[in-house]
1. Any idea how far apart A366 and F174 come out in nm if each label point goes 7 Å out from Cα toward Cβ?
2. Label L95 and V320 with points 7 Å out from Cα along Cα→Cβ: what is the distance between them in nm?
3. Using the Cα gyration tensor of the range 128-207, with a ≥ b ≥ c the square roots of its eigenvalues, what is the shape: rounded (a/c below 1.5), prolate (a/b larger than b/c) or oblate (neither)?
4. Between the range 321-375 and the range 136-155, what is the C-alpha centre distance in whole Å?
5. Can you work out the FRET efficiency for the pair N354 and L206, with r the C-beta to C-beta distance and R0 = 35 Å, to the nearest 0.05?
6. Multiply the residue gap between H144 and T233 by 0.36 nm, knock off their C-alpha separation, and tell me the result in nm, one decimal place.
7. Taking the Cβ-Cβ separation of E304 and L216 as r and a Förster radius of 35 Å, what is the calculated FRET efficiency to the nearest 0.05?
8. Taking the alpha-carbon distance from K134 and a cut-off under 23 Å, which lysines remain once sequence neighbours fewer than 8 residues away in the same chain are dropped?
Amino acid sequence: FLISVCTCFLNAFAFSFFGYFELTLPSSWSSKMDDKANKLGGMLGIFFMAVTLAIVSFSCTGPILGTLLGSSLTSDGGAMQLSMGMGGFGLALALPFALFALFPNLLNSLPKSGGWLNTVKVVLGFVEVALAFKFLSNADLVEHWGLLKREIFFGIWILCALGLALYLFGFIRFPHDGPKGRKIPKGNIFVGVLSVAFLIYLIPGLTNTKYANLKLLSGFPPPLFYSIYDKGTSAPLGLNAYKDFDEGVAAAKAQGKPIMIDFTGWACVNCRKMEEQVWSEEEIFKIINEEFVLISLYVDDRKELPEEEKFNYLKSTGSVKVIKTIGDKWATFQTVNFGNNSQPYYILMDSDLNLLNKPIAYTPNADDYLEWLQVGVANAKGE
């Protein structure tokens with residue numbers, strides 16, 4: 001629900017950038033803050049001057065900060081990501097004022113205001129629309145709505161890239177654009193060509209071929225198996241994966257194979273990168289597919305457990321955690337048994353639940369990951 005609300009706000013911010021309305025705070029607020037700054041002086045005066053700047057620039061900075069806040073609430077970064085983002089934004093906003101105070105002559109080299117500023121806002125508007133659907137995609141995956149399958153997601157991004165290119169080449173206009181017929185600036189042409197190139201790169205993502213795995217974007221779109229096409233499985237790369245630990249262990253015993261536990265998440269960017277960039281390597285895929293029984297446990301799955309499976313878990317701190325969703329169950333299972341709550345997290349064990357190698361987390365180097373798998377296979381065979 002929270003992600004869906006954030007998506008609505010991001011789209012509203014995008015239309016503000018397009019020029020259909022302005023996001024402004026009451027002018028009386030800035031007047032009061034400015035009056036306070038003049039009266040107090042000193043450090044307090046500087047503080048109220050900064051508040052005044054934030055208020056009068058809200059129409060420009062509000063959408064950017066709203067995007068930052070939305071992305072922090074809908075990803076694993078949490079407070080750290082928000083703090084770093086706000087700190088970076090504050091530094092970037094304050095740095096020009098500090099530089100111009102130290103070197104006043106730099107003011108003469110600044111570009112003159114004009115239509116290029118509106119162009120920047122419109123470009124950011126298209127970017128915001130694309131990001132809004134990225135966040136909505138996370139909610140769609142976690143809640144299993146089935147609205148934004150991978151190909152539909154790419155279709156929306158293709159439309160955003162096409163709209164941006166058409167705008168930059170002068171084919172479509174927005175309310176605050178200047179008169180038609182002006183020469184297209186070189187910057188517009190450059191960014192427009194990049195937008196067209198990005199659009200062309202996205203097109204294979206609409207197909208049901210091996211080229212649909214757009215590795216440069218791994219983690220941003222929905223996973224390959226979340227598709228309008230019948231993939232025959234709901235696991236990465238067409239692998240057969242159990243989504244229940246007990247079922248997976250029973251299958252491993254029946255097949256006489258060791259187990260690979262994959263603690264993952266529907267909205268986990270690094271999980272998708274591992275699947276689409278590392279697991280897709282031929283040797284790695286072959287080992288996972290042939291040597292192990294794969295158990296993928298989604299720690300952010302919001303589907304509720306049957307009533308008879310819900311329970312209260314007493315933490316070591318004395319607090320109680322209510323386990324009512326599939327994600328709650330597997331997140332707690334990971335924390336209790338392996339002392340870790342990050343994703344992705346991989347464990348190799350035999351069917352008697354003995355570890356075959358040290359568990360590892362995100363490992364983007366395919367050679368390192370392959371070596372880790374090979375050690376597990378060798379230990380399973382007693383070599």
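Computed from the coordinates by the stated procedures, all read-outs in this text should not be read as laboratory data. Here the structure is a predicted model, which means the values were calculated and not measured. Cβ atoms come from the backbone with ideal geometry, glycine included; neighbour counts cover every protein chain shown.
1. Roughly 4.0 nm, to one decimal.
2. It is 5.1 nm.
3. Values: a/c = 3.50, a/b = 2.07, b/c = 1.69.
Prolate shape, in that a/c is at least 1.5 and a/b is the bigger ratio.
4. Going from one Cα centre to the other spans 26 Å.
5. Details: r = 45 Å, r/R0 = 1.29.
After rounding to 0.05, the efficiency reads 0.20.
6. Working: separation 89, 0.36 × 89 = 32.04 nm, distance 1.54 nm.
Fully extending the segment from H144 to T233 adds 30.5 nm.
7. For E304 and L216, the calculated efficiency is 0.45.
8. Within reach: K121, K149, K210, K215, K231, K273, K303.
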